[in-house]
Each structure stands twice: as C-alpha cells, then as structure tokens.
Amino acid sequence: MQNNDQEETEKPLDFIRTRVKEDKENGKNDGRIHTRFPPEPNGYLHLGHAKSICLNFGIADEFDGLCNLRLDDTNPVAEKTEYAQAIQEDVRWLGFDWEERFFHASDYFQQLYDWATKLIEEGKAFVCDLNFDEMRELRGNLTESGKESPYRNRSVEENLQLFQKMKEGGFPEGSKTLRAKIDMTSPNLNLRDPVIYRILHKEHPKTGNQWKIYPSYDFAHGQSDSIEGITHSLCTLEFEHHRPLYDWFCETLFIHHPQQIEFARLNMTYVVMSKRKMLRLVEEGHVDGWDDPRMATLQGMRRRGYTPEAIREFSERVGLAKRENMIEVELLEHCLRADLNKRAVRRLGVLNPLKVVIENYPEGQTEEVDAVNNPEDPETGTRKVSFSREIFIDQNDFMEDPPKKYFRLSPGKEVRLKYAYYVTCKEIIKDENGQIVELICTYDPESRGGDSPDGRKVKGTIQWVDAATAVKSEVRLYDRLFLDPNPEETEDGGDFTDNLNPESLQINGNALVESSVVDLPPGAPYQLERIGYFCTDPDSIKGTQLIINRSVAMRDSWAKANK
RNA sequence: AGCCUGGUGGUGUAAUGGUAGCACAGGAGUUUUUGGUACUCUCAGUCGGGGUUCGAAUCCCUGCCGGGCUGCCA
C-alpha cells in the first residue's frame, strides 16, 4: 500500500488520467471507470489506433475498470465484416481483452429509433425535405448564421408519420432526413439542426435489410456510450466541436451522461496515417496491400516484425496531450530495438556473401562451434553452428584498401570470426573485371571459440556462415516509405505520393543464413548479428523458399560516422 | 472572417506560484567475442511584450504563431 502511494505520487499522470483519478476519488459514477475503444469497421487499424487502444484499455486496467470493444457501424456504405474481423484480431494481438463486452452500435438501432421518436414527440426533431445542396445553403457558414428549414415547424403528427415511412423504406435515399431542432444561429455549425437520421437503402453487415434509415455518428455515439455505462468517452481532437451535441442528446434524453474527453491524435514522421491516404497507397499499388510491412497498419507492422510489447511501450512513451504533435519514427524504432534486444535469439547471416577459403584448414573437415543464443538472456543457452574450410563473410566486412579505423578484414589483417577462429587475409582473388570474388585466409587453430591463448587481441569481430550448410534466403530490406518527414505537406499542386521513397523496399535474393534459421516459425523475431532484427515472412515455404523481413537495422555508429 | 483549441531543447512529454526534469534524436567517452547492448559525460528549451508577486512555464492583459470546424462520414 505504502509502495502504491509512492508510485502514484512519483509518476506524473497525463491530463486524462488525472481527470479519471479525480472522478474515481470523488465517487462520480459510484467510483466506476468504464472506457471503450470504438472503431468504425471500414478499414484496418493502424498505429494511431494503437495509441487509443492502449489508452482506453490501459486506463481501465490501471483504475480497476472495464473497457469495451464496440464497432461503430452506423454507416453500411463502407463497412465490411472483413474489417470487423481484422479489428478484433489486432486488438487481441496487441494484448488486450474485452472479455464478453463486444458490442456494435447497430445493437442499439431500435433504442436509437425510439429515442428519435421521443425527440419528435417533444418537438425536438423534425423531418426535413431539403436536399443536400439546399441544406448546405441554409446552414450558413463560418461567419454567417444559418436559416431555419421551411420544414422545421411540421406538426408532431406529420413528423411521426413521415419518420415511420422513412423507416419502412417509403422514400428514396437523400429525399428526407430527420434533424434535431437545436439552433440555426449557433456559432458551432454542428448545432445548426444536425441530421440525426438519413435514408440509406443499403444492406448492413449486421442487421441486413432490416433498416432503411441509419443514425448519424452524433446521434449514435453518445447514446451507445450511455447504454454501455461508459464513464469516460475518449476521442481525438476533431470531435471537440461535437461534444456540445454529445451533451445535448444525453441531457435532452435524460440518460446516463458519460464525459467526453479529447486528445491529440498521433502523427509520425515519414508515414501517412489517414485511412484515405493509406487506401490510395494500396489501390495505386505503391505498396503490396494493407499488410505490406512498410505500412503503419498493425497488420503491416506485425508482418514487419514489430512486437505488441514494442508498440505498447511506444504508445505510452508518445505521451498524451491536446497539442498537435509529430512523433519521430526513431522513437518507434528505439522501442522495437529495446524489446528485441532483450528477447530475440541471435543467428548468423550474410547479406552479400563473399567466399573465403581457409587454406590451412584441413580439406573435408567439419566441426561445430558453440554460439550464444542471446547474450542478454543466458537462459537461452547456446547452439552448435557448423564450420569448415569454405565460408562466406559479408562483402561489407572486407576492404582491399581500408580507411583509418576500419576494424574488419583487409589484406594482411586479422579478425575474429565470431564464435570460431581468428583468421588473417592472405590473398585476394579477382575475376576478369577486377571484382573481388574470393579471399584466401589462414586461421589460427589455437583461437578456437574466438580467443587466442597468447592473449593477442583483434579489433574486429565479424559474422560468417559455413558454405556447406548455409541456407539461401531472400531478404526484404525496408526503408522509410516517404522521403519527407511530413509527406502530407506538399507544395501547391503536389500530392503526398510525390514524396514516396523509390527505394523503400530492397529485395536481396542472395543472402545466406545459418541453417537453424529455417526452424524459426514465421513471425518469431531474431537478430542476424550485426545486421538487424528479422522475422521470417509468411510467404516462405518451409524447406523450399526462405523469405525474411528486416524489422529494423541495428544501430550502426560506424556507418553513421562514415556518412 | 466567426467560434473552438493549443504554444516548454531538434522531437515528444513533465513541473499548477518556489532548483525547468525525463525520454528519443545529436555529440564525446568507457566496457564489449555484435562498430550492438550497458554505463558515463555532453549539447540544447519556457512564443513576444506588459502586469500581479519576495518569487511566474504556471495567474492577468495584449500581441504573434499553429491546429480544428461550413458531410445526409466517423
């Protein structure tokens, strides 16, 4: 208890948690805390949603409350079951559990209809015959107040009849709406008699053809929260102007009134996170689909090798405030590396193989050396890796004419082959074009395991694979999808796709990895030492084709210093 | 233009009238069988101007700048 108190006073709370804590302590809603994550099933979840998911489920967890998953399916035009499935999958993958509290706004269509009827009976809603353009005309604009609809004063009887007939499909789409009767002169445009029901002769994924009219977001959201007993309805800043409406419905209907609180949505450098723009990337073929590893969708990130832990850590670290923000993608990468450094097993591999023949190593001989699985986690132990006379190293690890402070292999120099032996470069073999195709080295048999008994030190340690047992692999290397940190900010007449990075995907088909990599299941993270963190792509065919994705490169101060 | 909202190092976020802190990024170094990790050090900030106060990032006034809002989307 003492500890708890200390933690609470030491750890500063964001403005929402501060509010939630106060409400709980003051006994508001009987001290109950109940949040919800309410996506519309019209697309895939992305990193921005992750922030919201972690917030809502996180608060419920921290304050001994509950969090619902609710699909806000009030517009059948764009919604699909496919998306609804993916949403549930993604939330679970992130590590959250809504238990039995999985709801749909469409669960409440009847109740919503009854409430609309009540509003009509009280003279607070009316059926309007204005079409789209006429309505916009009368709504006014930012500086001019609106004018009342000529249909605003229809009798309750007439409104009831018309609304009933709308419901039964008696009118074509767009011909009539139900509007709340609020205030056409309000400076808040959302309060100028907002549409609360529209006619849509569309099949709904959940309710089929039962309804010909559908409630608008404003008429559905607050009431859905209310029905579910939500105490704190957290949403992004753009809904700030909708809060008066949210409040108006709860109060006018005399129903439980949750508190809406808005926070700034997540923006990140080098990515786009709006559904519209992501859809264009998919449809125009700039990426391979919603789960392309370069996409900021949870499906893409999962395929890329991001872990739920890293994303959750990131979501907490980005903070929570009302000011617009642009998070640097480096923070995300840091969270991934930090997580994977602790958990990912290590393996050896070379991206661009360079053959090395160890001339004093007996021909035909093979041995196994012990390699550490994860230096950060001794419990993972060691594994055997085969070694023989012919091996491959990475082309980057040899230079014929090295610059100062180059610790890797070069003519006459000695390096350590990790876990194996010291080797010294004796000879370079080139092809007719002068390209280095092979190195002849000698090894020091005394240095087995990577240390010389005479205490001699080498500056460089490089990874290698045994030519006899290494497995060929296609490696997919990802870079930022955009060249500009803020791809949405384009010059006049420009488009965000102008900022696409043409080299965001590089496919390397010649890589070689140690044979045990094929035993790692798709999606499981591993580090190829000195190269980066990887995971096997689901496109792989076991025993036939190995395809691996680089999740993130290692930090590389050498490469950085040489830029 | 009207209304709403927000301005703290490069980025993000703390400090609610009392020493401007933390993280990422950047720089330097130590350790190292990953030029990784870890550790140490370092660079760098309260939008401007007034006011209240012993004392202001914080309160007041004013100016400037950013974001949002004119769907029968959410």
So, first residue free of Cβ contacts under 8 Å to residues at least 60 places away in the same chain and more than 8 Å from RNA strand B (Cβ to nearest atom) in region A:61-82, second residue assigned to a strand (DSSP E or B) and among the polar types (S, T, N, Q), Cβ within less than 8 Å, six or more apart or across chains; the pairs are A:L66/A:T35; A:C67/A:T35
Taking region A:224-238 and keeping residues without any contact (Cβ under 8 Å) to a residue 40 or more places away in the chain and over 26 Å from the mean Cα position of the chain (by Cα) leaves A:S226
Among strands (runs of 3 or more DSSP E) entirely within region A:471-558, at least 3 residues that are surrounded by 14 or more Cβ atoms within 10 Å (Cβ to Cβ) and either in contact with a Phe, Trp or Tyr (Cβ under 8 Å, 6 or more places away or on another chain) or aromatic (F, W, Y) (or both) occur in A:525-528, A:532-536, A:547-553
Counting only residues in region A:511-563 that are modelled with pLDDT of 95 or more, small (G, A, S) and under 25 Å from A:F407 (Cα atoms), the one farthest from RNA strand B (Cβ to nearest atom) is identified as A:A511
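Condition check ((1) within 14 Å of A:V465 (Cα to Cα); (2) in contact (Cβ under 8 Å) with a residue 12 or more places away in the chain; (3) crowded, with 19+ Cβ neighbours inside 10 Å; (4) not charged (D, E, K, R)) across all residues:
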| position | (1), (2), (3), (4) |
| --- | --- |
| A:K384 | yes, yes, no, no |
| A:Q395 | yes, yes, no, yes |
| A:K405 | no, no, no, no |
| A:V415 | no, yes, yes, yes |
| A:I436 | no, yes, no, yes |
Margin query: Going residue by residue through region A:158-175, is there one that turns out to be under 22 Å from A:S106 (Cβ atoms), of a type in the set (G, A, S) and surrounded by 19 or more Cβ atoms within 10 Å (Cβ to Cβ)?
Written below: no
A:R92 vs (1) more than 18 Å from A:M184 (Cα to Cα); (2) touching a Cys at 6+ places or on another chain (Cβ under 9 Å); (3) not aliphatic (A, V, I, L, M): all pass except (2)
Note on region A:20-74: residues among the hydroxyl-bearing types (S, T, Y) and buried (at least 23 other Cβ atoms within 10 Å of the Cβ) are A:T35, A:Y44, A:T74
Matching residues in region A:307-353 (within 14 Å of A:R550 (Cα to Cα) and basic (K, R)) number 3
Query raised in the report: Among the residues of region A:92-110, is there at least one that is part of a loop (DSSP other than H, G, I, E, B) and within 11 Å of RNA strand B (Cβ to nearest atom)?
Result: no
Conditions (1) under 28 Å from A:L409 (Cα atoms); (2) among the charged types (D, E, K, R); (3) in contact with an Asp or Glu (Cβ under 8 Å, 6 or more places away or on another chain) -> A:K472 fails only (3)
Q) If we scan region A:446-457, do we find a residue that is in contact (Cβ under 8 Å) with a residue 12 or more places away in the chain and part of a strand (DSSP E or B)? A) no
By residue number, the members of region A:132-174 that are outside any helix (DSSP H, G or I), within 30 Å of A:Q210 (Cα to Cα) and more than 9 Å from RNA strand B (Cβ to nearest atom) are A:S149, A:Y151, A:R152, A:N153, A:R154, A:S155, A:E168, A:G169, A:G170, A:F171, A:P172
Within region A:193-216, the count of residues that are within 10 Å of RNA strand B (Cβ to nearest atom) and either assigned to a strand (DSSP E or B) or in contact with an Asp or Glu (Cβ under 7 Å, 6 or more places away or on another chain) (or both) comes to 10
Counting only residues in region A:267-281 that are within 11 Å of A:G48 (Cα to Cα) and among the polar types (S, T, N, Q), the one nearest to RNA strand B (Cβ to nearest atom) is identified as A:N267
Checked A:T207, A:T231 against criteria (surrounded by fewer than 19 Cβ atoms within 10 Å (Cβ to Cβ) and farther than 25 Å from A:R154 by Cβ); the one match is A:T207
Among residues of region A:417-434 being part of a strand (DSSP E or B) and of a type in the set (A, V, I, L, M), the residue surrounded by the fewest Cβ atoms within 10 Å (Cβ to Cβ) is A:I429
The residue that is surrounded by the fewest Cβ atoms within 10 Å (Cβ to Cβ), considering only those in region A:317-350 that are part of a helix (DSSP H, G or I) and more than 10 Å from RNA strand B (Cβ to nearest atom), is A:R343
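The values are calculated or read from the model by the stated rules, or taken from the named source; none is laboratory data. Keep in mind the model is a prediction, meaning the values are calculated, not measured. Ideal geometry is used to build each Cβ from the backbone, glycine not excepted, and the neighbour counts take in all protein chains shown.
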